[in-house]
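Student: My questions all concern the structure below.
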Amino acid sequence: MQGTASVERRETVGNSWNAAVMSGFTRDTKRYGDKLVYEALGSKWRRYHDTHCRCGLNWVTEHAEPAGFTVVRSGTGWVALTGPGLTDGVDESALTADVLWEAVTGKPSAGWVEAVRVVDRGEAIAGDRAATGVAGVQRRARRPEAEPGPVTDKQLKYLTTLVGKVGRERFNTAFDAVVQGTEIAPRGDGERTGQALRRLTRAAARKLITVLAGP
Ligand SMILES: [Zn+2]
């Protein structure tokens, strides 16, 4: 049961961007600026709602919005949401739409964990598809920085946790990949993890989080 629903949520329909929207966490600077959003595929969420709640009302206006979620954008068949526990105040290495699920279906959540997709619309990519990992981040790195300023305390804390999870070796590789082409120096010999992290800009920290939290 849990596995089936999880697969449904990840289902992709078609190839063009609009049709390719599937339910999932997304970072897409063109559409959402620096916001993390949850893009919900209407057909899926309508079905979850119809199956479990059966009130016959609109799941977005009658359940999601009253529960504190905000519609930041919507299109044909999809709606992008933000909100507490969904995109705000969350651990980006363990994202989950469970809070939305509970608001919309009225049923307990099953504990699904999802990754964030970073959508890159660079012309180097054939078609529009999600670009994740170091390659995607390096493409993004050539764009003007949307987030000036130094690494934030929240990012430091989260990165420290991530480094603990992925290990020093992967951290060192990711760090050097992320700072390449920036004014931030690569990892120094004998430099402690915390020292390296504090040298990051907010934008570089965001990229490093994306890389380390990715697959
Ligand atoms: Zn309902």
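The values are calculated or read from the model by the stated rules, or taken from the named source; none is laboratory data. These numbers come from a predicted model, not from an experiment. Here the Cβ is made from the backbone with ideal geometry for all residues, glycine too, and neighbour counts use every protein chain on show.
Student: Filter the stretch 70-86 for residues that are outside any strand (DSSP E or B) and farther than 17 Å from Lys107 by Cβ; which is nearest to the ligand (Cβ to nearest atom)? Spell out how you get there, then give the answer.
Tutor: Residues of the stretch 70-86 outside any strand (DSSP E or B): 76-77, 83, 85-86.
Filter once more, so that each one left must be farther than 17 Å from Lys107 by Cβ: 76-77, 83.
Values: Thr76: 22, Gly77: 19, Gly83: 17 Å.
Within the stretch 70-86, the match that is nearest to the ligand (Cβ to nearest atom) is Gly83.
Student: Any chance the stretch 121-140 includes a residue that's buried (at least 17 other Cβ atoms within 10 Å of the Cβ), away from the ligand (no atom under 16 Å from the Cβ), at pLDDT 85 or above and not small (Gly, Ala, Ser)?
Tutor: No, there is no match, as no residue in the stretch 121-140 is buried (at least 17 other Cβ atoms within 10 Å of the Cβ), away from the ligand (no atom under 16 Å from the Cβ), at pLDDT 85 or above and not small (Gly, Ala, Ser).
Student: Let me ask another. Here are Arg170, Arg202: which of them is in contact with a Gly (Cβ under 6 Å, 6 or more places away or on another chain) and outside the structural domain of Asp91 (by TED's automatic domain parsing)?
Tutor: It is Arg202.
Student: Just name the residue that is farthest from Thr29 (Cα to Cα) out of those in the stretch 55-75 that are among the polar types (S, T, N, Q) and modelled with pLDDT of 95 or more.
Tutor: Filtering first and then ranking leaves Asn58.
Student: Of all residues in the stretch 20-50 being in contact (Cβ under 8 Å) with a residue 60 or more places away in the chain and basic (Lys, Arg), which is nearest to the ligand (Cβ to nearest atom)?
Tutor: The initial filter retains those residues of the stretch 20-50 that are in contact (Cβ under 8 Å) with a residue 60 or more places away in the chain, namely 20, 23-31, 33-34, 36, 38, 40.
From the residues that got through so far, the ones that are basic (Lys, Arg) too are 27, 30-31.
On the way: Arg27: 29, Lys30: 33, Arg31: 28 Å.
Looking at the filtered set, the residue picked out is Arg31.
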